[in-house]
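Chemist: Once you've had a glance at the structure underneath, I'll fire off some questions.
We did not get these values from a lab; they are worked out from the coordinates using the rules stated. Computed from a prediction, not measured in an experiment: that's the story for all the values here. Methodologically, a virtual Cβ is constructed for each residue, glycine included, from the backbone with ideal geometry; neighbour enumeration extends over all protein chains shown.
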Amino acid sequence: ESPKHNTEEKLQKVCALLDQEISHFNWTGFYFKNGDKNELKLGPYVGAETDHTIIPYGKGICGQVAVSNETFIVPDVHLQDNYLSCSIDTKAEIVVPIFKNGENVGQIDIDSHTIDPFTKEDLELLEWLCNEVSKIL
Ligand code: SME
């Protein structure tokens, strides 16, 4: 479901904060299930503009997380065959699902310009964050 207006503002601030505070986060954004369609729609983000405003379930890292319901860490995007490139600068990506009432309703997506940059702390932070975000959807 698309987040409410007030929620979008909050999510925009979350993106800005993560982008500002964590130097290896170089594109930070949210995708949400687009109504009852089997596709993701781009929500608030900070970083370069992307062509991937709609992503069908199953396509790319984001689309795979929409169906697997599991966090996907990609240390090196060049080694992935089911990957949607947003920027030639992107070297790594992490996508963490957001659950509302047990349903996978969206995700946070982070791209990095560094190979294999994501730490256990990043993962824990993002999983905590997705749980918090779920409460305001
Ligand atoms: N790389 C993603 C597409 C979204 S962009 O990173 C913003 C993917 O493979 O699903």
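Chemist: Please go through (1) closer than 17 Å to L123 by Cα; (2) among the aromatic types (F, W, Y); (3) near the ligand (Cβ under 10 Å from one of its atoms) for F30 and return the number of the only condition it doesn't satisfy.
Modeler: Going through the list (1) closer than 17 Å to L123 by Cα; (2) among the aromatic types (F, W, Y); (3) near the ligand (Cβ under 10 Å from one of its atoms), F30 breaks only (3).
Chemist: Then there is this: Within the bounds of the stretch 107-119, is there any residue that is farther than 16 Å from F25 by Cα and either of a type outside the set (F, W, Y) or within 16 Å of the ligand (Cβ to nearest atom) (or both)? Spell out how you get there, then give the answer.
Modeler: Just the residues of the stretch 107-119 that are farther than 16 Å from F25 by Cα, to begin with: none.
No.
Chemist: Given the residues D19, D109, which is the only one that is touching a helix residue (DSSP H, G or I) at 6+ places or on another chain (Cβ under 9 Å), surrounded by 12 or more Cβ atoms within 10 Å (Cβ to Cβ) and under 21 Å from L123 (Cβ atoms)? Talk me through it step by step, then tell me what you get.
Modeler: Details: D19 fails: touching a helix residue (DSSP H, G or I) at 6+ places or on another chain (Cβ under 9 Å).
Only one candidate qualifies: D109.
Chemist: Quick one: D81 ticks every box in (1) over 20 Å from T7 (Cβ atoms); (2) in contact (Cβ under 8 Å) with a residue 12 or more places away in the chain bar one, so which box is it?
Modeler: That leaves (2) as the condition not met.
Chemist: Let me ask you something else. When both residues are 6+ apart or on different chains and their Cβ atoms are under 7 Å apart, which pairs have a first residue that lies in the stretch 63-78 and is touching a residue at least 40 places away in the same chain (Cβ under 8 Å) and within 17 Å of N131 (Cα to Cα), and a second that is among the aromatic types (F, W, Y) and loosely packed, with under 13 Cβ neighbours inside 10 Å?
Modeler: Hits for this filter: zero, empty list.
Chemist: Okay, next question. Name the single residue that is surrounded by the fewest Cβ atoms within 10 Å (Cβ to Cβ) among those in the stretch 65-89 being within 9 Å of the ligand (Cβ to nearest atom) and farther than 19 Å from T28 by Cβ.
Modeler: That would be N82.
Chemist: Is it fair to say I94 is free of Cβ contacts under 8 Å to residues at least 12 places away in the same chain and within 15 Å of the ligand (Cβ to nearest atom)?
Modeler: No.
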